[in-house]
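Here's the structure we're looking at; comments come further down.
The values are calculated or read from the model by the stated rules, or taken from the named source; none is laboratory data. The structure presented is a predicted model; accordingly, all values stated were derived computationally and were not measured. Cβ placement follows ideal geometry from the backbone for every residue including glycine, while neighbour counts extend to all protein chains displayed. To get the accessible areas, we keep the full protein, side chains included, count just its heavy atoms, and leave off ligands, DNA and RNA. Shrake-Rupley method; radii C 1.70, N 1.55, O 1.52, S 1.80 Å.
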Amino acid sequence: LSKKQGRHQFSFFDPFLQKIIDQQLDLEKDIINALAEGQFTAFFQPQLDMNEKIIGVEALLRWIHPEKGIIPPLHFLPVAEQYGLITQIEQCVFADACQLMNELLHLGLADEKFTIAVNISAVEFKSPRFKETLIEALNRFQLPANRFKLEVTESMLVHDIEDTIQQMNVLKSIGFRLSIDDFGTGYSSLNYLHAFPIDELKIDKSFTDKMLVSKSGKAVINAIISLAFNLGIKVIAEGVESEEQYHQLKQRYVSAIQGFLFAKPMEKSKLIEWIRNNLES
Ligand code: C2E
Ligand code: MG
Ligand code: MG
Ligand code: MG
C-alpha cells in the first residue's frame, strides 16, 4: 500500500455532497452576519374570531436580506437549528412580539383578550435557559406572560413526554398560553393529550385544504374539532383561503381562524393600520 493510498483510506470525495456542505457553511456565515446586522424581524398575521374581529396575531420570522430580499423561515431555520443559532433568532422574534404588544397597549388597540403567538422550536423548548430569556424580555417591557401564546409542534408531544409536561407546567405557571401547531401531522397519542396543559389546538393547513376536497378530509377536521371540544380547549384553523372553507368552519366548534382570506403576514406598521381598520369596521 502506498503512503498516499493509506492517507486517503477513510476519506471520500462526492462533489454533490461537498456542494451541499459548502452551501450550508455559507448560509451559516450569512446567518451569523444577519444576526449582527439585525436582519431578522417578525411579521404578524391576524387571528380572527368567527365574527371576523381580531383576537391576536401570530409572529412569523422573516429575514430581510439586503440583496436577496425577504427570505422565508423554512429556507434557513433547519440550518440555523443545526448550527445552534436558533436561540438568538427566536429571541429577535420574541423581542419584536413584546415591542408590538407594548405599542398596541399604548395605542389602545389590544383589548384584554388580545394575544401574540410565537413559534418555539423543539431545540429551544428543551433548553434550560429558555424560560429565563422569555422572562427577561417580558420584564424589559413590563408585560404579563398571559399576552403570549407559545406554539409548539406536535412532535413535542411524542418524545420525552414526562419532561415536556413538566416544562409546559412551568411555562403555564408563569402565565404563558400553549398552542399545538400543525395539529394532526405529528402522530401524537390521543391517549395522552389530556395530560398536557395546553390551551389550543391549531389545525394544520393541509387539513383546512382537504376539508372541501374529500369526505375523509372532512372527517379528519371533524375529529380534531370534537377532540378539542371534549378536552375543553380552543381550536383554531390555519391556512383559510376561501369563503367556502370559512363558511364550513363557521358551522363547527372553531374558535378562531387565520389565513390569506383575511390577511397575510405583515410588517408591524402595516399590521397596526390593519388592526385600526378591523376595529372600526
Ligand atoms: P406555521 O407556524 O404553521 O405558520 C403558518 C405558515 O402558513 C406561515 O408561513 C404563514 O405565512 C402561512 N400561511 C398562513 N395563512 C396561509 C394561507 O391562507 N395560505 C398559505 N398558503 N399559507 C398561509 P411562514 O411564515 O412561511 O412560516 C412557515 C413556518 O416556519 C411556520 O409554520 C413555522 O413552523 C416556522 N416559523 C416561522 N417563524 C418561526 C419562528 O420564529 N420560530 C420557529 N421555530 N419557527 C418559525
Ligand atoms: Mg405557527
Ligand atoms: Mg401552523
Ligand atoms: Mg403549518
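Provide LEU249, LEU60 ordered by accessible surface of protein heavy atoms (probe 1.4 Å), highest first.
LEU60, LEU249
Give me the distance in nm between label points sitting 7 Å out from Cα along the Cα-to-Cβ direction at GLU112 and GLU244, one decimal.
Label at GLU112, label at GLU244, 4.2 nm between them.
Summing -39500 (n - 2.57) over the DSSP H runs of n ≥ 4 in the chain and dividing by its residue number, what mean residue ellipticity at 222 nm do you reach, to the nearest 500 deg cm²/dmol? Intermediate values should be presented prior to the final figure.
Values: 11 runs with 131 residues, N = 281.
Taken over the chain, the calculation gives -14500 deg cm²/dmol.
Whose amide H sits under 5 Å from the amide H of MET266, counting only residues 5 or more places off or on another chain, with H placed in the peptide plane?
PHE44, GLN45
Tilt of helix 215-231 relative to the longest C-alpha principal axis of the chain, in degrees (0 to 90, nearest 10)?
Its long axis makes an angle of about 70 degrees.
Which distance in nm do the two modelled labels at GLU132 and VAL170 give, with both placed 7 Å along the Cα-to-Cβ direction?
The two pseudo-label positions are separated by 1.1 nm.
Place +1 on the Cβ of every Lys and Arg and -1 on the Cβ of every Asp and Glu in region 152-281, take the dipole about the Cα centre, and give the residue among LEU279, ALA223, PRO197 whose Cα lies farthest towards its positive end.
Ranked along the dipole, the leading option is LEU279.
Against the longest principal axis of the chain, how steep is helix 15-37, in degrees 0 to 90 to the nearest 10, with axes from Cα atoms?
60
Using a 1.4 angstrom probe with every protein chain in place, what is the largest-first accessible-area order of HIS194, HIS247, HIS65?
If we order HIS194, HIS247, HIS65 from most to least accessible, we get HIS194, HIS247, HIS65.
In sequence order, what are the phi-derived ³J(HN,Hα) couplings for region 149-158 according to the Karplus relation 6.51 cos²θ - 1.76 cosθ + 1.60 with θ = phi - 60°, rounded to whole Hz, with x for glycine and proline?
The phi angles translate into 10, 8, 9, 10, 7, 4, 4, 5, 8, 9 Hz.
Charges at C-beta only: +1 for Lys and Arg, -1 for Asp and Glu. How large is the resulting dipole of the chain about its Cα centre, in Debye rounded to 20?
Magnitude of the dipole: close to 360 debye.
Which of the chymotrypsin sites (Phe, Trp or Tyr not before Pro) across region 12-48 are loop residues per DSSP, with 10 or fewer other Cβ within 10 Å?
PHE12, PHE13
Fully extended, how many nm does the chain gain between VAL123 and GLN82 (0.36 nm per residue separation, minus their Cα-Cα distance)? Before the final figure, lay out each step's value.
Numbers: separation 41, 0.36 × 41 = 14.76 nm, distance 0.96 nm.
Full-extension gain reported as 13.8 nm.
Mind ranking GLU90, GLU58 by accessible surface for me, highest first, 1.4 Å probe?
Highest to lowest solvent-accessible surface, that is GLU90, GLU58.
Residue by residue through region 50-61, which ³J(HN,Hα) values in whole Hz follow from phi under the Karplus form 6.51 cos²θ - 1.76 cosθ + 1.60 (θ = phi - 60°), with glycine and proline marked x?
7, 9, 6, 9, 5, 10, x, 9, 9, 7, 10, 5
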